[in-house]
Amino acid sequence: ALNFRTPDGSTEVDLLVAESDGFEALRQRAAKVTLDQRTFFVASIDDLISMKERAGRPQDLLDIAELRDIQKRLG
């Protein structure tokens, strides 16, 4: 995993690199986001939660709580 942040810390992007038989399924569920004429695929909230549950680090557990809160707000 690689983590990128803007100098002011306002934006953070995690890049996860791993072999997976499920990559195509992840991509199909991903949201497409276009920035500066470039399109990026962003993992779904459900997939992010699943990945963070498997990692199980303290920060991941905090992230899971926040992602679940976002899910509730999005309804």
Which one of 46, 63, 36 has the biggest mean-square fluctuation once the chain is modelled by GNM with Cα springs under 10 Å? 36
Using a 1.4 angstrom probe, figure out how much accessible area the chain has per residue, in square angstrom, rounded to the nearest whole. 87 Å²
Note the per residue figure in Å³ for the convex hull of the C-alpha positions in the chain. 126 Å³
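With r defined as the distance between the Cβ atoms of residue 13 and residue 38 and R0 fixed at 22 Å, what FRET efficiency is calculated, to the nearest 0.05? List each step's numbers first, then the result.
On the way: r = 13 Å, r/R0 = 0.57.
My answer for the efficiency is 0.95.
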Set the Förster distance to 25 Å, then compute FRET efficiency between residue 28 and residue 70 from the Cβ-Cβ distance, nearest 0.05. 0.75
Would you grab the residues whose amide H sits under 5 Å from the one on residue 30? Only those 5+ places off in sequence or on another chain, please, with H modelled 1.01 Å from N. 44
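With an 8 Å cut-off on Cα pairs and a minimum separation of 6 or more residues, tell me the relative contact order of the chain in percent. Before the final figure, lay out each step's value.
Values: 54 pairs, mean separation 11.7, N = 75.
Taking the mean separation of contacting Cα pairs over the length of the chain, I get 16 percent.
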Among 61, 48, 26: highest mean-square fluctuation, GNM of the chain, C-alpha pairs under 10 Å: 61
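The values are calculated or read from the model by the stated rules, or taken from the named source; none is laboratory data. Please read all numbers here as calculations on a predicted model, not as lab measurements. Positions of Cβ are generated from backbone atoms using ideal geometry, with glycine treated the same way; all protein chains shown enter the neighbour counts. The area values use the complete protein model at the heavy-atom level, side chains included, leaving out ligands, DNA and RNA. Shrake-Rupley method; radii C 1.70, N 1.55, O 1.52, S 1.80 Å.
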